[in-house]
Amino acid sequence: MLMETLFTGLITLQFVAVASHDLLDIPGWTHGSQVQAIIGRRKLWLATLANSTFPGLAVAFAIYFWNRPKPAFVSNYWIAYCGVTVASAIAMWYIPYFVGTTEKQKSDYTKMYAGTLQVLPPRGSNPRPNLLHLCFHLLFVINLALVVVLRLRSN
């Protein structure tokens, strides 16, 4: 029950983080106005809506099925969602950081995340995840590990 409660809290935190971080201006952490300036207001809201749907469904399942037997599709959804989220973070941040990316993506990331806290060392001109994104990525990995353990325990 403790792991289920922990997962419910953390997946809710993940939903709030994904849904809000590009809409907020918190100096040094997230500069949503910079992101909006690069991708545009309409596209930002559409991306936020699309990106919030999947963790929102994960949270709805976590709350609805808390302390109840879970159908297999719920665990499957959680594992798929959390796995895709970790894979997306790798594709969006770590491949560009370690391998490099296009000049446009480098420029966009530089403009969107200028002035945010950086802890990873620079790798040439490659974009690097800021501290807020590193925290998000850790949360994504923890949630994936939790759902895998929860699924293994339910079998």
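The values are calculated or read from the model by the stated rules, or taken from the named source; none is laboratory data. As the structure is a computational prediction, the values presented were derived from the model and not from experiment. Here Cβ is always computed from backbone atoms with ideal geometry, including for glycine, and neighbour counts include all displayed protein chains. Just so you know, the surface numbers come from the protein's heavy atoms only, side chains and all, with ligands and any DNA or RNA stripped out. Shrake-Rupley method; radii C 1.70, N 1.55, O 1.52, S 1.80 Å.
Could you tell me which residue of region 117-155 is farthest from A89 (Cα to Cα), considering only residues that are small (G, A, S) and in a helix (DSSP H, G or I)? If you could, list the steps in order and put the result at the bottom.
Kept after step one, since they are small (G, A, S), are these residues of region 117-155: 124-125, 145, 154.
Now narrow it down to the ones that are in a helix (DSSP H, G or I): 145, 154.
Working: A145: 15, S154: 28 Å.
It comes out as S154.
For region 1-22, give me each residue that is open to solvent by 60 Å² or more (accessible area, probe 1.4 Å) and in contact with a helix residue (DSSP H, G or I) (Cβ under 8 Å, 6 or more places away or on another chain). Of everything in region 1-22, those that are open to solvent by 60 Å² or more (accessible area, probe 1.4 Å) and in contact with a helix residue (DSSP H, G or I) (Cβ under 8 Å, 6 or more places away or on another chain) turn out to be L6, L13, F15.
Within region 1-57, being in contact (Cβ under 8 Å) with a residue 24 or more places away in the chain and of a type in the set (D, E) holds for E4, D22. The sole residue among T30, T48, T102, T85 that is among the β-branched types (V, I, T) and open to solvent by 70 Å² or more (accessible area, probe 1.4 Å) is T102. Of the candidates I95, I63, the single residue that is within 17 Å of L10 (Cβ to Cβ) and open to solvent by 80 Å² or more (accessible area, probe 1.4 Å) is I63. Tell me, yes or no, whether region 131-153 has at least one residue that is open to solvent by less than 30 Å² (accessible area, probe 1.4 Å), more than 17 Å from F15 (Cβ to Cβ), modelled with pLDDT of 95 or more and not aliphatic (A, V, I, L, M). No, there is no match, as no residue in region 131-153 is open to solvent by less than 30 Å² (accessible area, probe 1.4 Å), more than 17 Å from F15 (Cβ to Cβ), modelled with pLDDT of 95 or more and not aliphatic (A, V, I, L, M).
Got a sec? Which of Y77, Y109 is in contact with a helix residue (DSSP H, G or I) (Cβ under 9 Å, 6 or more places away or on another chain), in a helix (DSSP H, G or I), more than 23 Å from W29 (Cβ to Cβ) and open to solvent by less than 80 Å² (accessible area, probe 1.4 Å)?
Numbers: Y109 fails: more than 23 Å from W29 (Cβ to Cβ).
After applying the criteria, what remains is Y77.
Against the condition under 17 Å from the mean Cα position of the chain (by Cα) and either polar (S, T, N, Q) or closer than 22 Å to H31 by Cβ (or both), how does N126 come out, does it pass?
Values: under 17 Å from the mean Cα position of the chain (by Cα): no; either polar (S, T, N, Q) or closer than 22 Å to H31 by Cβ (or both): yes.
Spelling it out, it is not the case that N126 is under 17 Å from the mean Cα position of the chain (by Cα) and either polar (S, T, N, Q) or closer than 22 Å to H31 by Cβ (or both).
The single residue among A17, A60, A37 that is of a type in the set (A, V, I, L, M, F, W, C) and within 16 Å of the chain's Cα centre (by Cα) turns out to be A17.
Of the residues making up region 106-128, those that are out of contact with any strand residue (DSSP E or B) (no Cβ under 9 Å at 6 or more places or on another chain) and in contact (Cβ under 8 Å) with a residue 40 or more places away in the chain number 3.
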